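Asks: Here it is, the structure, as structure tokens.
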Amino acid sequence: MEGIHVRFHLPFPDFTLETDLNLPERGVTALFGHSGSGKTTLLRCIAGLERPREGFLQVRGKRWQDSKQGIFLPTHQRPLGYVFQEASLFPHLNVRKNLEFGRKRTGFVRNPRGLEQAVELLGISHLLERMPDKLSGGERQRVAIARALAVCPQVLLMDEPLAALDLQRKQEILPFLSRLNSELDIPILYVTHSPQEVTRLADYLVVLEKGKVLRSGTLEETMTALDSPLAQGQQASTILTGTVSAYETAFHLTRMAFSGGEISLPTAQAFAVGERLRLRVYASDVAIALHPVQDSSILNVLPATITGLANDQQGRTMLRLNVGDTALLASITHKSASVLGLHKGMQVFAQIKATAIL
């Protein structure tokens, strides 16, 4: 696998960064954890802004760092793009010149259409002649991302790019970030402490705490592992991916087929049949029944197998279910789990309210 191979050991007074990771060669890898968990430090090490005494970094078959061999490429020699929390555009240059400045400062431009493609991907062609002070926060950050992409990097590093934006601006920029994931053939490392951003954007997930890797793997397996921080509390959720199978115009309902069957959700948008969807289902919105429920308002009732149970100290039981080949979390009370006699390997029915699917 020609992805990103990372081994770093970097001690600090309050924690030690200790990582040994093999990350995918394309798609979005989210580095997730609370403040102080080491997410940004890991990103800075990959960028060459921090230099661990013990370090190894290989990106897509090229060795950028190897402390045992005395190899260390400085930041300006690493073909990467870096997006910070703040856009940090040059205030005296318009958008076009901000983008061109980055290309002139690096020798790694391999595609003459890189700038044009970045402008198209981020939807900023109408902004090229504007000055930075005439842009909204979301527009500035889209320009900053385009600037990082214009140099045709081999890896894109993003350090909480939405942290400085309000909710409206975040909603504005998220579709563009989703588009980067689907259309770029490079790995994207995305630092965040937001479960919402993880579930919306990530393909692969690394969970950090005090500099250590608690868990890493595909988004589905990491989010639904019962010992994962993301599978606990009110934010626990599951991602369902599939394709639109039908649209019920009279009821404004979309039906999506996935490995576990078919689910319905209300939507104001008429999706095309065959269009790919990625949906989030909170564990607290999944109920369990031992038999198919008749005469119920709940549209989505799916046969499932219990593959794991975990009790917390607040009267809740988290269930991990297999619905076809898809893992699904359900959060119920410990009393309900006891009354129903739920156990690993048991066949049940998962009920999901259509209006609860995001």
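Asks: Test L115 against the stated conditions and say whether it is buried (at least 21 other Cβ atoms within 10 Å of the Cβ), within 23 Å of E172 (Cβ to Cβ) and at pLDDT below 95.
Replies: yes
Asks: Of all residues in the range 109-164 being basic (K, R) and out of contact with any Pro (no Cβ under 7 Å at 6 or more places or on another chain), which is nearest to L99 (Cα to Cα)?
Replies: R147
Asks: Right, another one. Are there any pairs, at least 6 apart or on different chains, whose C-beta atoms fall under 7 Å, with the first in the range 338-350 and more than 19 Å from G260 (Cβ to Cβ) and the second part of a strand (DSSP E or B), and if so, which?
Replies: L340/I288; H343/I306
Asks: Now, a different point. Do we find that V59 is buried (at least 18 other Cβ atoms within 10 Å of the Cβ), touching a residue at least 60 places away in the same chain (Cβ under 8 Å) and within 22 Å of F84 (Cβ to Cβ) in this structure?
Replies: Yes, satisfied.
Asks: Given the options T199, T267, T243, name the one that is in contact (Cβ under 8 Å) with a residue 40 or more places away in the chain and either under 17 Å from L302 (Cβ atoms) or touching a strand residue (DSSP E or B) at 6+ places or on another chain (Cβ under 7 Å) (or both).
Replies: The conditions single out T199.
Asks: Condition (residue is at pLDDT 90 or above and farther than 21 Å from L240 by Cβ) applied to the range 195-206: is it met by at least one residue?
Replies: Taking every residue of the range 195-206 in turn, at least one turns out to be at pLDDT 90 or above and farther than 21 Å from L240 by Cβ.
Asks: Quick check on the range 77-100. Is at least one of its residues within 23 Å of P24 (Cα to Cα) and surrounded by fewer than 17 Cβ atoms within 10 Å (Cβ to Cβ)?
Replies: yes
Asks: Could you tell me whether the range 332-351 includes any residue that is out of contact with any Cys (no Cβ under 9 Å at 6 or more places or on another chain), under 18 Å from R278 (Cβ atoms), assigned by TED's automatic domain parsing to the domain that holds P303 and assigned to a strand (DSSP E or B)?
Replies: Checking the range 332-351: not a single residue is out of contact with any Cys (no Cβ under 9 Å at 6 or more places or on another chain), under 18 Å from R278 (Cβ atoms), assigned by TED's automatic domain parsing to the domain that holds P303 and assigned to a strand (DSSP E or B).
Asks: Also: I need the strands (runs of 3 or more DSSP E) fully contained in the range 1-52, keeping only those with at least 3 residues that are in the same structural domain as H193 (by TED's automatic domain parsing) and in contact (Cβ under 8 Å) with a residue 60 or more places away in the chain.
Replies: 16-23, 27-32
Asks: What number of residues within the range 142-168 satisfy the criterion of being under 18 Å from the mean Cα position of the chain (by Cα), in contact (Cβ under 8 Å) with a residue 24 or more places away in the chain and in a helix (DSSP H, G or I)?
Replies: 2
Residues checked against (1) surrounded by fewer than 16 Cβ atoms within 10 Å (Cβ to Cβ); (2) free of Cβ contacts under 8 Å to residues at least 24 places away in the same chain; (3) not charged (D, E, K, R):
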site	(1), (2), (3)
E248	yes, yes, no
S259	yes, no, yes
V281	no, no, yes
A289	yes, no, yes
L299	no, no, yes
G308	no, no, yes
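Asks: Being of a type in the set (F, W, Y) and modelled with pLDDT under 70 narrows it down to one of F90, F108, so name that one. Let's see the steps before the verdict.
Replies: Values: F90 fails: modelled with pLDDT under 70.
Only one candidate passes the filter, namely F108.
The values are calculated or read from the model by the stated rules, or taken from the named source; none is laboratory data. Given the structure is predicted, the values throughout are model-derived calculations rather than measurements. No Cβ is skipped: glycine too gets one built from the backbone with ideal geometry, and neighbour counts run over all protein chains shown.
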